[in-house]
Amino acid sequence: MIPGFQTQKSLTCTTRRRILMIECVCTGVRFFAILSMQRSGSGWVETLLNSHPNISSNGEIFSVKERRSNITAITKTLDKLYNLDWYSSAAKNECTAAVGLKWMLNQGLMKNHQEMVRYFNRRGVSAIFLLRRNLLQRYVSILANAHDSAMKQLNGTHKAHVHSKDEAEILAQYKPTIDRKMLITELKRSDKLASDALVNFKNTRHIVLYYEDVVRNRTKLMDVLDFLRMPKRKLSSRHVKIHTKQLCDHIDNWADVNNALMGTRFESFLNGSSRRRS
């Protein structure tokens, strides 16, 4: 494994090799990258994909600033991952192994998008865009996560993701007060970042997945397995959703937020809709 990388699977190399050999004989290893934004479900989706015996996604590698300090550091980091001896550790019968990571758009990806498009196409890296339609729900999650990072509400420990309903209920008790003057600006910024990413990477091999669609219909992940050319398998995750109520129950100054968004293109977010006016 790469020094300093935290793999999402607690498997030894020998165990991993045996699993892959049992599953199939590979004709090649697929490289992928989950491209997303913070609090858009990437941690959850990654654990779902990692429950597939032939997929290994290695976490948010570029959360370490040194690895994204410049284009040389970025490509060096990617090469370390993709140049591992996946071929000899994945010999098999009917499918191919898929190896990747998750990468937030604001972690050097968009800043170096031209170089990364060339890199993806040269190395054969497939992009899995995972975005969130309702940006207001995402913003609530960002504020709640920042609050827990400071307050450490679960026995003095910060958890960005939880595995029990009890923990989820504790974290959901916090209701952020949203600055209505900055809200529209924040939603526009997030919307533009996602839109620009789709435009900038349109010439790569990619698939676009929305968090809300996966929540409503887990079979959407079968599209991703098809995209990665993986055999269909039932996928599972221990992640428990934190914010499950209506938005008005998760925002302290709901009336202010409601008034700020009424009549704007983001008005539909207020009722939990993922659609917005153009």
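Each value in this text was obtained by applying a stated rule to the coordinates, not by laboratory testing. What you see is a predicted model; the values in this text were computed from it and never measured. Positions of Cβ are backbone-derived with ideal geometry, glycine not excepted, and every protein chain shown enters the neighbour counts.
Given H placed 1.01 Å from N in the peptide plane, which residues other than close sequence neighbours of I34 have an amide H under 5 Å from its amide H?
For I34, the qualifying residues are L101, K102, W103, I128.
Normalised by the empirical 2.2 N^0.38 Å for globular proteins, what value does the Cα Rg of the range 30-269 take? The partial results should precede the final answer.
On the way: Rg = 18.8 Å, N = 240, 2.2 N^0.38 = 17.7 Å.
With N residues counted in the range 30-269, Rg over 2.2 N^0.38 Å equals 1.07.
Extension gain H158-E66, at 0.36 nm per residue separation less the Cα-Cα distance, in nm? Show your work: numbers first, answer last.
Values: separation 92, 0.36 × 92 = 33.12 nm, distance 2.33 nm.
Roughly 30.8 nm would be gained on extension.
Among 202-215, 33-46, how do they line up from the highest to the lowest mean number of other beta-carbon atoms within 10 Å?
Going by the mean number of other Cβ atoms within 10 Å, highest first, we get 33-46, 202-215.
For the range 146-278, what ratio Rg/Rh do Cα atoms give with a Kirkwood hydrodynamic radius? Don't skip to the answer; put the middle values down first.
Numbers: Rg = 17.9 Å, Rh = 17.8 Å.
Over the Cα atoms of the range 146-278, Rg/Rh equals 1.00.
So which of K65/K111; K192/K245; K192/K241; K65/K102; K202/K232; K175/K241 end up more than 19 Å apart, counting from Cα to Cα? Don't jump to the answer; show the numbers that get you there.
Details: K65/K111 14 Å; K192/K245 27 Å; K192/K241 26 Å; K65/K102 15 Å; K202/K232 26 Å; K175/K241 16 Å.
Violating the 19 Å Cα-Cα cut-off are K192/K245; K192/K241; K202/K232.
Can you tell me, using C-alpha contacts under 8 Å and at least 6 residues apart, the relative contact order of the range 30-269 as a whole percent?
That works out to 29 percent.
Per residue of the range 55-64, what does 6.51 cos²θ - 1.76 cosθ + 1.60 with θ = phi - 60° give for ³J(HN,Hα)? Whole Hz please, x for Gly and Pro, Karplus curve as stated.
With coefficients 6.51, -1.76 and 1.60, one gets 10, 10, 10, 9, x, 8, 4, 8, 5, 7 Hz.
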